[in-house]
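The values are calculated or read from the model by the stated rules, or taken from the named source; none is laboratory data. A quick note: this is a predicted structure, and the numbers were derived from the prediction, not measured. Cβ placement follows ideal geometry from the backbone for every residue including glycine, while neighbour counts extend to all protein chains displayed.
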């Protein structure tokens, strides 16, 4: 077999091996890469950054652990930004394993918020995050479309109690908060088609500003809604999360993961180029042989 | 009547939901809220049905000695153990006989499954006795051990260390690993599929390379690559996706009308 044919027919295990070696190597050696931000992510950052303290942001954590590599860093970056700005958050999770994701993020972020930090030259004092004052976690209910519609009438319809069993009426931050009208906007971090329901049944019916955080493969699918104005901003995949961290001056898991993703993409590009070199070289050889 | 009643119900409620969407009157909203509650109640019944179905399918696999049927035990033990963790919590510092109770529950599930899967009547009886003994043991431990208790109405179980540990250290890594494997298959598929065989394939290849390189700050014209990629997403991609979305939307309206008018009857089981 010619060398070019070998290039085309490379055993996939070599690809797997090189990819894992590159990923491990870039994970072990710590270096940071500059992040270029995009208007889609800037829209979300600017929305959160422009809100006055005390405003309520609704964050839907609609993903399971299989999407955590891309979406968990978004949760950490957005929620920390909100809390540093002293905004209040209503969380829901309309994905079965989502409550575990919220629970973990709340535990980690409560610890992080206790520290003094400086972001974009502004000093933020550490403070205790109090359940019922800084946030309310409504929990999970099946049939997400119905729950989204129900919350549009009143949060108490699908969720009479929060995730921890406290009636919504006895939660301080929920006094006078009935539905999306009292929220400045909704940020849906999703790894599945729950996003469609947020657009059709949520934004379409109740008209709130909707922002999306999606996995990389989903992002392209939701650009029409960005163009039509139904969605105000999109964070796409780990890159979107890293862009948010960059804008918030809060480097975390996403920026850390970007160097690994960048290296992995370079390996994929390398293999694509190799495959094409092999393809054209063998095509040329075949046409020469045919000509002779 | 048996067939006409469901069609009538679908027609009435389908038309009602369509009209209700455009009527912001209080009565209409109340009726709508009432229906939403019903859907959630029906959904919870479906959950119970799902658990029963999983139990049935798993025991059938063991009964027919299908390949890798031993995993069915793990599936059901995982299901019931997580449920047990979610409904229990310790009352003080010590766990008491909690882990013995969990073991007895697991033994009971295994005995029940094996009993259901057994063909021989003698063995069936033996496993039934085993299931009964372990069940009684679990009940006795639950009654007399004060170190922990059940919480069916309040969510104390979510605070259970075991529940959290199993989610954080078992569930999360398993699901994350499954998804991470995709990276390897995507790399392999990209290597084989992205060949510039003709003009269309070349365009696809070029678009893929641009989008993949959009966040590479080390490229000589990184800013222009990012802009080109952004244009790709916002113009050609948007146009194509919009056409697909509008097509799907019209398809959904068509299918919904067919269901409401009784033309599409697939949901009845036999068309």
The residue from B:42, B:62 that alone is within 24 Å of residue A:96 (Cβ to Cβ) and not assigned by TED's automatic domain parsing to the domain that holds residue B:110 is B:42
Given the residues A:191, A:257, which is the only one that is surrounded by fewer than 23 Cβ atoms within 10 Å (Cβ to Cβ), on the phi < 0 side of the Ramachandran plot and touching a residue at least 24 places away in the same chain (Cβ under 8 Å)? A:257
Single match in A:93, A:50, A:110 (criterion: crowded, with 20+ Cβ neighbours inside 10 Å and free of Cβ contacts under 8 Å to residues at least 60 places away in the same chain): A:93
Filter segment B:194-232 for residues that are at the interface with another protein chain (Cβ under 9 Å from one of its Cβ atoms) and closer than 24 Å to residue A:5 by Cβ; which is surrounded by the fewest Cβ atoms within 10 Å (Cβ to Cβ)? B:197
Options B:35, B:47: the member that is at the interface with chain A (Cβ under 10 Å from one of its Cβ atoms) and in contact (Cβ under 8 Å) with a residue 12 or more places away in the chain: B:35
State whether the residues of segment A:54-66 include one that is out of contact with any helix residue (DSSP H, G or I) (no Cβ under 8 Å at 6 or more places or on another chain), away from chain B (no Cβ under 14 Å), touching a residue at least 12 places away in the same chain (Cβ under 8 Å) and part of a loop (DSSP other than H, G, I, E, B). yes
The condition of being assigned to a helix (DSSP H, G or I) and farther than 30 Å from residue A:156 by Cβ holds, among B:34, B:13, B:7, B:45, only for B:7
Sort out which residues of segment A:67-88 are closer than 22 Å to residue A:236 by Cα and either away from every other protein chain (no Cβ under 12 Å) or free of Cβ contacts under 8 Å to residues at least 60 places away in the same chain (or both), and write them in order of number. A:68, A:73, A:74, A:75, A:76, A:77, A:78, A:79, A:80, A:81, A:82
Could you tell me whether any residue of segment A:43-50 is within 14 Å of chain B (Cβ to nearest Cβ) and either modelled with pLDDT of 95 or more or farther than 21 Å from residue A:197 by Cα (or both)? yes
Among A:220, A:241, which is the only one that is outside any strand (DSSP E or B), more than 10 Å from chain B (Cβ to nearest Cβ) and farther than 26 Å from residue B:18 by Cα? A:241
